Ligand code: BTN
């Protein structure tokens, strides 16, 4: 199955250690999130201290004290006497209240958000949380740093702290496997569209099946893991890592695409909070579109617009077998199409790709 790592067994119910988690069962259970949401809603205008105090049901002095605490977390909030407060600058590093506030601000409310400073892998944590039937779905797990981030082909995803995005979203679809076949390709494309829109450049491309490329270098990867039982999908976890502000240091093999970050390539410091909220909204919406078959069945014809590999010579390793050829997009099932060196055409539903220079 394209781009989806399947686990034949049902997720094992484990003893779930209570995570060191900043958990927003309901975002507004946290009044700091609510306060920030009000600042976002009124941006670029000021909002008065008395309106904040009245809405939060606290005194103006208490508002002032909360604003100061948020400032200590690196959130730059301006204040003008007799006018009010205004958000000036967001920190580069993930702040749980700001993610919650942005999700509310863009009307993405129906998910349960867990945010960690450091975790082994957001995919692993999501898998654990999915086994707790009490959790509202989808489950969204984000971390500033991963100590054991998982990549495709059992590789590590190097996940330094300091403003990159490590995000997993878990659903329990209970649909036939076939329904999710094109899921990752579709989602990857939607994320690329969002990035193009946000950064106002068409330089973002998708490399089959799920790498996201900028200026010919890799800035993001997607690891989708599903648990199936009797051809039905019990749970699916969509894990996305985007190098926004940090380029991971790793031993890079020249045949692979060089890792980079958006900040390196575009010379800007991307703001993690609005982007994270918009990506969550995009993924949740795309998932529901896939499940309810609201997407155009021919959506893959759009792939060409985003296809980094089109007309490039590549090698594809599937199991022990290495094939070489030129890429010509994908077919209706999402398989990659190659014209092999002997002139014959062949499609592949999985495999590891390297560019031939
Ligand atoms: C790839 O190999 O290109 C896929 C990388 C996927 C990395 C993300 S980071 C968030 C989520 N948690 C993980 O452990 N992996 C995925």
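The values are calculated or read from the model by the stated rules, or taken from the named source; none is laboratory data. Please read all numbers here as calculations on a predicted model, not as lab measurements. Virtual Cβ from ideal backbone geometry, glycine too; neighbours counted across all protein chains shown.
Please find, within the range 179-224, the residue that is nearest to the chain's Cα centre (by Cα) out of those that are within 16 Å of residue 244 (Cβ to Cβ) and in a helix (DSSP H, G or I). Within the range 179-224, the match that is nearest to the chain's Cα centre (by Cα) is 191.
Among the candidates 304, 298, 335, the residue that is in contact with a strand residue (DSSP E or B) (Cβ under 9 Å, 6 or more places away or on another chain), touching a residue at least 24 places away in the same chain (Cβ under 8 Å), surrounded by fewer than 13 Cβ atoms within 10 Å (Cβ to Cβ) and within 30 Å of residue 171 (Cβ to Cβ) is uniquely 304. Between 257, 309, the distinction of being within 16 Å of the ligand (Cβ to nearest atom), over 21 Å from the mean Cα position of the chain (by Cα), buried (at least 16 other Cβ atoms within 10 Å of the Cβ) and more than 27 Å from residue 36 (Cβ to Cβ) belongs to 309 only. Name every residue in the range 139-150 that is more than 7 Å from the ligand (Cβ to nearest atom) and either under 16 Å from residue 252 (Cα atoms) or surrounded by 18 or more Cβ atoms within 10 Å (Cβ to Cβ) (or both), in order of residue number. Residues satisfying the conditions are 139, 140, 141, 142, 143, 144, 145.
The condition (being at positive phi and in contact with a strand residue (DSSP E or B) (Cβ under 7 Å, 6 or more places away or on another chain)) is satisfied by just one residue among 171, 153: 153. Per the listing 228, 291, the residue uniquely closer than 25 Å to residue 156 by Cα, more than 16 Å from the ligand (Cβ to nearest atom) and modelled with pLDDT under 95 is 228.
Have a look at 174, 154 and point out the one that is at pLDDT below 95 and within 30 Å of residue 295 (Cα to Cα). Don't jump to the end; show me each part of the working.
Numbers: 154 fails: within 30 Å of residue 295 (Cα to Cα).
Just a single option satisfies the conditions, and that option is 174.
Just so you know, in the range 114-125 the residues that are more than 9 Å from the ligand (Cβ to nearest atom) and surrounded by fewer than 16 Cβ atoms within 10 Å (Cβ to Cβ) include one that is nearest to residue 317 (Cα to Cα), and it is 118.
Filter the range 151-166 for residues that are within 10 Å of the ligand (Cβ to nearest atom) and either assigned to a loop (DSSP other than H, G, I, E, B) or surrounded by 22 or more Cβ atoms within 10 Å (Cβ to Cβ) (or both); which is farthest from the chain's Cα centre (by Cα)? My answer is 155. Output yes when any residue across the range 43-66 is part of a helix (DSSP H, G or I), over 25 Å from the mean Cα position of the chain (by Cα) and closer than 26 Å to residue 245 by Cα, and no when none is. No, there is no match, as no residue in the range 43-66 is part of a helix (DSSP H, G or I), over 25 Å from the mean Cα position of the chain (by Cα) and closer than 26 Å to residue 245 by Cα.
Of the residues 282, 339, which single one is farther than 30 Å from residue 114 by Cβ and at pLDDT 95 or above?
Step by step, each of 282, 339 is checked, and only 339 is farther than 30 Å from residue 114 by Cβ and at pLDDT 95 or above.
For residues that are in contact with a strand residue (DSSP E or B) (Cβ under 8 Å, 6 or more places away or on another chain) and under 18 Å from residue 177 (Cα atoms), scanning just the range 281-295, find the one that is surrounded by the most Cβ atoms within 10 Å (Cβ to Cβ). So that I can check it myself, show each step before the final result.
So in the range 281-295, the residues in contact with a strand residue (DSSP E or B) (Cβ under 8 Å, 6 or more places away or on another chain) come out as 283-284, 287, 291.
Retained after the next criterion (residues that are under 18 Å from residue 177 (Cα atoms)): 287, 291.
Values: 287: 21, 291: 18.
Here the answer is 287.
Out of all the residues in the range 204-217, is one or more in contact (Cβ under 8 Å) with a residue 40 or more places away in the chain, within 9 Å of the ligand (Cβ to nearest atom) and touching a strand residue (DSSP E or B) at 6+ places or on another chain (Cβ under 6 Å)? Checking the range 204-217: at least one residue is in contact (Cβ under 8 Å) with a residue 40 or more places away in the chain, within 9 Å of the ligand (Cβ to nearest atom) and touching a strand residue (DSSP E or B) at 6+ places or on another chain (Cβ under 6 Å).
Away from the ligand (no atom under 16 Å from the Cβ) and either over 12 Å from residue 36 (Cβ atoms) or surrounded by fewer than 19 Cβ atoms within 10 Å (Cβ to Cβ) (or both): which single residue out of 128, 96, 109 fits that description?
Numbers: 128 fails: away from the ligand (no atom under 16 Å from the Cβ); 96 fails: either over 12 Å from residue 36 (Cβ atoms) or surrounded by fewer than 19 Cβ atoms within 10 Å (Cβ to Cβ) (or both).
After applying the criteria, what remains is 109.
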